[in-house]
1. Extending each Cα 7 Å along its Cβ direction at LEU21 and LEU298, get the distance between those two points in nm, one decimal.
2. What value in Å³ per residue do you get for the convex hull of the alpha-carbon atoms in segment 11-98?
3. May I ask you to give the percent of accessible area on segment 219-373 that is carbon plus sulfur, with a probe radius of 1.4 Å?
4. Full-extension gain between ARG291 and PHE48, please, as 0.36 nm times their residue separation minus the C-alpha to C-alpha distance.
5. Give me the accessible area of THR253, 1.4 Å probe, in Å² rounded to the nearest 10.
6. Count the net charge of all other residues whose Cβ sits under 13 Å from the Cβ of ARG215, scoring Lys and Arg as +1 and Asp and Glu as -1.
7. What is the pair-distance distribution P(r) of segment 298-366, computed from all Cα-Cα distances in 5 Å bins starting at 0, with each bin given as a whole percent?
8. Assuming R0 = 22 Å, can you tell me the calculated FRET efficiency for the pair GLU312 and ASP204, based on Cβ-Cβ distance, to the nearest 0.05?
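The values are calculated or read from the model by the stated rules, or taken from the named source; none is laboratory data. Here the structure is a predicted model, which means the values were calculated and not measured. FYI the Cβ positions are ideal-geometry reconstructions off the backbone, even for glycines, and counts take in every protein chain you see. Heavy atoms of the whole protein, side chains included, go into the accessibility calculation; ligands, DNA and RNA do not. Shrake-Rupley method; radii C 1.70, N 1.55, O 1.52, S 1.80 Å.
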Amino acid sequence: MVVRPALPVVFMGVALACVGLLLASRKQDIVLLVLTFAAMAVDVASVFMVLAYRRRTAEATIVADEARLWERRYALGLFSFAALLGAINARGLFSAHPVDSALVPMLTSGMAFVFAGGVLSNVAFRPRLCGIGIALSATPTIAGCLDRAAQATDIHVAVGFALQALLLTGFALAGLGWASVTYEGAVRQIVSKLDFAIMARRDDLTGLSNRVELRDRFDAAVAGLSEESDLLAILCLDLDRFKAVNDSYGHLTGDMLLRAAAGRLSSAVRREDTAARLGGDEFVVLQTELRRPGEALLLAHRIIRALGAPYEIEGRTIQIGVSIGVAIAPRDGVTLEQLIARADAALYRMKRSGRGGVVFADEPPPPSAANDL
């Protein structure tokens, strides 16, 4: 939610009250008096809303639905005040007495400029709020100036009012243009920050998690363990025969193969698990919420089947496999480094004995690893 600081809200309300009461007393206009008191009431309500919002944010984090509710409240207050300001300005200009020819334009245009400037400085990155607020306050003021120009008998007075209307129009349009530019710049900045944040946690080739995000997910998973029987599994993967593909077809084909394998790996794991690439053809899967080690074995077999199916890349059919080492926490370690080291050691025992299989950190490789499936 966008919230104006309380002091500017109070200042704007006091200024409008002074102008409205002055014009109402000079003209003995009950309508101006009612409009002024209505604007004062809206301003007081806006101040209380600002203070209530600050207290609410100090107590707890506001969720999306509540934030939208505060946003609607803010917009209602902004639009109501802008409409009342425009009505006061228009009433003062349309009903002005000739002796007020200098005072009324000065006060009304001053209020319009101050309010529009305040809106621009506060909600420039909300083009809709900015545009509606300026339109509600400036349009009646501009119409009043044009009416005074049309009614004036002195050419200099007529020109003065016309120039005032033109100046207000130009200021409003320029302000809206500036708001649009500010909004686009804010969007670009936010998108850039998000892109950099994603890049810092994602592997740039495959889009999988990198070591940074893997660690964050591991720490969160460990913190979320609620029972002694809960387990975590780290699966270290290495693509079999990947080097031969790189040597035979080049690194471009190798990169395409890595992306395809990463896509299959992402599809094979659950949403709550994490698939990460550490570099080259080495991948790691963090499997959470296990009740028994056999669940990690089932996942490993599913990954082997998924990644071992033939790939069609640039008109070539390429067949590779994957070897997997598994470490279970807390049995094989309690830190990410310990678990990766144990799983990686099991993986290379598997590769030395044969490819395309899975072995746990506390077990020797099966005698017929190449035909594990």
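1. The modelled label-to-label distance comes out at 7.6 nm.
2. Each residue corresponds to 74 Å³ of Cα convex hull volume.
3. Working: 3750 of 7250 Å².
The computed percentage sits at 52.
4. Numbers: separation 243, 0.36 × 243 = 87.48 nm, distance 5.32 nm.
Here the answer is 82.2 nm.
5. 0 Å²
6. Working: positive: ARG201, ARG211, ARG217; negative: GLU213, ASP216, ASP219, GLU337.
Taking every other residue near ARG215 into account, the sum is -1.
7. Percent of Cα pairs in each bin: 4, 18, 22, 21, 15, 10, 6, 4, 1, 0.
8. Working: r = 24 Å, r/R0 = 1.09.
Efficiency, from the Cβ-Cβ distance: 0.35.
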